[in-house]
Amino acid sequence: MVVLRRCQILGLAGTTVLAAGGETAGALPVRELLGPASVHAAVGLIGVYFGVVLLIAAWALLGRLIRGPEPSPTPRQLLLLLALWAAPLLLAPPLFSRDVYSYLAQGAMVDAHMDVYTHGPAQLGGPLADEVAPLWRHTAAPYGPVFLVLASALAGLTRGELPAGLLGLRLVALSGVALMAAVLPRLARHSGADPAAALWLGALNPLVLLHLVAGAHNDAIMLGLLGAGLVAALGRWPVLGAVLVTLAALVKAPAALGLAAVVVLQTRAGRDPARAVVTTALAAAATTVAATAAAGTGYGWTRALDTPVSPQNWALTSLLGRATRALLEHLGSDLAPLAVPVWHALGIAVTTLLLAITWWRLRRRPVYALGLSLATVAALGPAIRPWYALWGLFLIAAAAPTAPVRHRVAAVTGVLALATLPSGRPADTGQLVLAVCGGVLAVVVLWQAHQTDRAPARSRAA
């Protein structure tokens, strides 16, 4: 209990400090931006990374407690700990991304009966469109009708008031995180995994707190609905499972892979494979038609996969494409413009092959196969963000077959948690130095606290 108490305090301190730092260094509204040279912004940036390192340390310590010889915390204790760590982030400004402003602008466009699949937020105009990152102001919405209905409802309720809209979207994201946490123990038990370990890796994960809660990303709703659909399919409600997974895909398209898991779960329960496929397909089609009709946004969401990729995106296929293009340009080849599209196409081909292999080898473990599939889609897709890792991580946490798998995933999490600035903007050298200073300061403080804790033990040994 002493170690659990330390985890509570350390994690709470981390999220409190990073929330406070975000007040000057976060993804603030345009009128509140202080500029990278501001002393307040610099102090805030140091504070954010100080808090992130404290949070990572608390999470790692909690993982050691769960793996250790002492009694593991119960799922209920872990859920309370998640609520405690998330509490300071509830009223913090958006952190690590400006996507939440795009959500609000797109919701306002739907509320104003504009076609969000043809026009970007610039068509809306006004203060809300000014908050959207310049790269995305002329980009059509890449989200499905289910999320746009939620965003539109919030736009109508808040009437364009930015603070109320931001809080509303964060509450929507929190509801998704709550649903994720609620279904993880059930998925873990089905997969033969430890529910406490699943909650630690899949819900208390720093990426969940930093990007789904603080960043208010709609991936939280997608993953919550996806998990709920899988739980329904585990029971006696495969049709409900297909409906929920389809709703998740109508938030963000990658969740559609979950329909394969719904089919496999039905066949493992003794249902005829052909009947399982037909039932799932009909439920998915009916849900898609009904949701799209209710949203009134039309079927433009089918073009969501063609959303442009930012030039600075560091996805593997994009990096290789840019490197190849630069080489071809240096050689004076006319093929240079084709480099990036070819690498993206190659990424899709390799992803398709890996998915086929994964599902064949893990056909008896559909939840784990789905987690690895979503991780593959995120890793080899044309665009990647740190929170995309949660697509696969959420289900890998529930179904990882061994502790080493969880350890490797946790290591990746620690690195990705430090990969994005709180402003959501590209980093310059000065900001990187400040971020490193904040992280190093936290490490020094943690080391000093560790040495202080060890001093009494050394004295007794002497």
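For the chain, which whole percent of the accessible surface, found with a 1.4 angstrom probe, sits on carbon and sulfur atoms? Can you show the working numbers first?
Working: 13920 of 20760 Å².
Answer for the chain is 67 percent, counting heavy atoms of protein chains only.
So if I take the centroid of the Cα atoms in segment 114-192 and the same for segment 1-78, what is the distance between those two points in Å?
Rounded to whole Å, the Cα centres lie 24 Å apart.
As an exercise, take the mean of 1/r over every pair of distinct alpha carbons in segment 1-126, invert it, and state the Kirkwood radius in angstroms.
16.9 Å
Could you work out the mean projected area of the convex hull around the alpha carbons of segment 274-408, in square nanometres to one decimal?
Hull-based average projected area comes out at 11.5 nm².
Given segment 196-259, what whole percent of its Cα pairs are spread farther than 14 Å? Working shown, then result.
Values: 1185 of 2016 pairs.
In whole percent, the share of Cα-Cα pairs in segment 196-259 beyond 14 Å is 59.
What does the helix-only formula give at 222 nm for the chain: each DSSP H stretch with n ≥ 4 adding -39500 (n - 2.57), the total divided by the residues, and the result rounded to the nearest 500 deg cm²/dmol?
-22500 deg cm²/dmol
What Kirkwood Rh does segment 349-433 have if only Cα atoms enter the pairwise 1/r average? Answer in Å.
Working: mean 1/r = 0.0703 Å⁻¹.
One decimal place: 14.2 Å for the Kirkwood radius.
Would you mind working out the accessible area per residue for the chain, using a 1.4 Å probe, and quoting it in Å²? Present the calculation step by step, with values, prior to reporting the outcome.
On the way: 20760 Å² over 462 residues.
On a per-residue basis, 45 Å².
Given points 7 Å out from each Cα along the Cα-Cβ axis, report the Thr352 to Ala419 separation in nanometres with one decimal.
2.6 nm
Per residue, what volume in Å³ does the Cα convex hull of segment 74-129 take up? Walk me through the numbers on the way to the answer.
Numbers: hull volume 7.1 nm³, N = 56.
Given the Cα convex hull of segment 74-129, per-residue volume reads 127 Å³.
Largest first and to the nearest Å, give the Cα extent of segment 160-218 along each principal axis.
The Cα atoms of segment 160-218 stretch 47, 18, 13 Å along the principal axes, largest first.
log₁₀ I(q)/I(0) of segment 109-251 at q = 0.15, 0.20, 0.22 Å⁻¹, via Debye over equal Cα point scatterers, no solvent, to two decimals?
With one equal scatterer per Cα and no solvent, log10 I(q)/I(0) is -0.82, -1.20, -1.34.
From Cα pairs below 8 angstrom and at least 6 apart in sequence, can you work out the relative contact order of segment 320-415, rounded to a whole percent? List each step's numbers first, then the result.
Details: 83 pairs, mean separation 18.9, N = 96.
With pairs under 8 Å counted, the relative contact order is 20 percent.
Quick one: work out Rg over Rh on the C-alpha atoms of segment 313-373, Rh as Kirkwood radius.
Ratio of gyration radius to Kirkwood radius for segment 313-373: 1.22.
Using θ = phi - 60° and the Karplus relation 6.51 cos²θ - 1.76 cosθ + 1.60, list the HN-Hα couplings for segment 219-231 in order, rounded to whole Hz, with x at every Gly or Pro.
Karplus values, whole Hz, x for Gly and Pro: 4, 4, 5, 4, 5, x, 5, 4, x, 5, x, 5, 4.
Given an 8 Å cut-off on Cα distances and at least 6 residues of separation, report the relative contact order of the chain as a percent.
It comes to 19 percent, rounded to a whole number.
At 1.4 Å probe size, what's the solvent-accessible area of Thr429? Round to the nearest 10 Å².
Its heavy atoms expose roughly 100 Å² to the probe.
Not counting ligands, DNA or RNA, and with a 1.4 Å probe, what is Asp194's accessible surface area in Å² rounded to the nearest 10?
The value for Asp194 is about 70 Å².
I need two numbers for the chain: Rg to one decimal and Dmax as a whole number, Cα atoms only, in Å.
Every Cα atom of the chain included, Rg and Dmax give 22.6, 76 Å.
How far apart, in nm, are two points set 7 Å out from the Cα along the Cα-to-Cβ line at Val39 and at Ala83?
Simple spin-label model gives 4.1 nm for this pair.
With every protein chain left in place and a probe of 1.4 Å, what is the accessible surface of Val30, to the nearest 10 Å²?
Roll a 1.4 Å probe over it and Val30 shows about 70 Å².
So how do 61-70, 247-256, 222-231 stack up, highest first, on mean other-Cβ count within 10 Å?
Working: 61-70: 15.5, 247-256: 23.5, 222-231: 26.6.
With the highest mean Cβ count within 10 Å placed first, the list reads 222-231, 247-256, 61-70.
The values are calculated or read from the model by the stated rules, or taken from the named source; none is laboratory data. Predicted, not measured: the structure shown is a model, and the values here were computed from it. No Cβ is skipped: glycine too gets one built from the backbone with ideal geometry, and neighbour counts run over all protein chains shown. Note: accessible area is taken over every heavy atom of the protein model, side chains too, but ligands, DNA and RNA are not part of it. Shrake-Rupley method; radii C 1.70, N 1.55, O 1.52, S 1.80 Å.
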